[in-house]
1. Go through segment 84-193 and name the GluC sites (Glu not before Pro) that are in a DSSP coil and have 15 or fewer other Cβ atoms within 10 Å of their Cβ.
2. Strictly greater than 23 Å: what percent of every Cα pair in segment 69-185 meets that?
3. For segment 101-193, which whole-number percentage of the solvent-accessible area (1.4 Å probe, protein heavy atoms only) is attributable to carbon and sulfur atoms?
4. Long-range amide H contacts for V176: which residues qualify at under 5 Å (H placed 1.01 Å from N, peptide plane, sequence gap of 5 or more or a different chain)?
5. Give me, ordered by chain and number, the residues 5 or more places off A167 or on other chains with an amide H under 5 Å from its own placed amide H.
6. Roll a 1.4 Å probe over the protein chains and send me the accessible area per residue for segment 79-193 in Å².
7. Enumerate the amide H contacts of G87 below 5 Å, restricted to partners 5 or more residues apart or on another chain; note that Pro and chain-start residues carry no placed amide H.
Amino acid sequence: MPPGALEQRGKTSARSSRLSAALVLGYTQSVNAETLTQALATSRFGRWLRHEEVVDSTNDRAAAVLAREVLPDGALFVAARQTRGRGTGGNRWLSDDPDGLWLSLVLHEPLAVQPLSFLAGIALVDVLRARYGIDAHVKWPNDVLVERRKLSGCLVESQREAGGRQAWIVGIGVNVNQARFPEEIEARAVSMR
């Protein structure tokens, strides 16, 4: 985290897993399936939503459900913690801290994997700049940086669902409210805090 950590303008910094996602969504209540659904101002994303306190990985959870069920386009998996979060190339994504936002979005439109990771990063940068005044930038293909430090990463994976239709799982991890990071990533990670 850079000296003089980022400040989230106009918001209070809460140290709660339930508020971490809320900060990104601009919502102030405890985060659970009900409050997330209410906070999402979209008719497509998150209408089917599963929120869990701890999962191995939201992408793995989404893939497991897709293997058994047909999910609607825009299904959303959110966790307070991931025990085995991962990024591109099998890199470990440290997401066992409840002060981040860890989610996976299921899409069915005929899209290519590479543009999806670009689009997720661009959308996040737009929100961070417009809503929070954070000068974020996309580092191609799938990272969001602030002052050369990683704030977010996106991982897109394809999966056939139970009905045979192709689905894309867009995993997004955002460091929202971490005050510190483990030593091995401290010099390259930053949070919205």
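The values are calculated or read from the model by the stated rules, or taken from the named source; none is laboratory data. None of the values given here were measured: they were computed from a predicted structure. In this analysis, Cβ positions are derived from the backbone assuming ideal geometry, glycine residues included, and neighbour counts consider all displayed protein chains. We work out accessible area using only protein heavy atoms, side chains counted, and drop any ligands, DNA or RNA first. Shrake-Rupley method; radii C 1.70, N 1.55, O 1.52, S 1.80 Å.
1. When the GluC sites (Glu not before Pro) of segment 84-193 are filtered for loop state and at most 15 Cβ neighbours within 10 Å, E147, E183, E184, E186 remain.
2. Here the long-distance tail beyond 23 Å is 30 percent of all Cα pairs in segment 69-185.
3. Here it works out to 53 percent.
4. Correct list: G100, L101, M192.
5. Q159, R160, E161
6. On the way: 5530 Å² over 115 residues.
For segment 79-193, the per-residue accessible area is 48 Å².
7. Here the answer is R92, W93, since their amide H atoms fall under 5 Å of that of G87.
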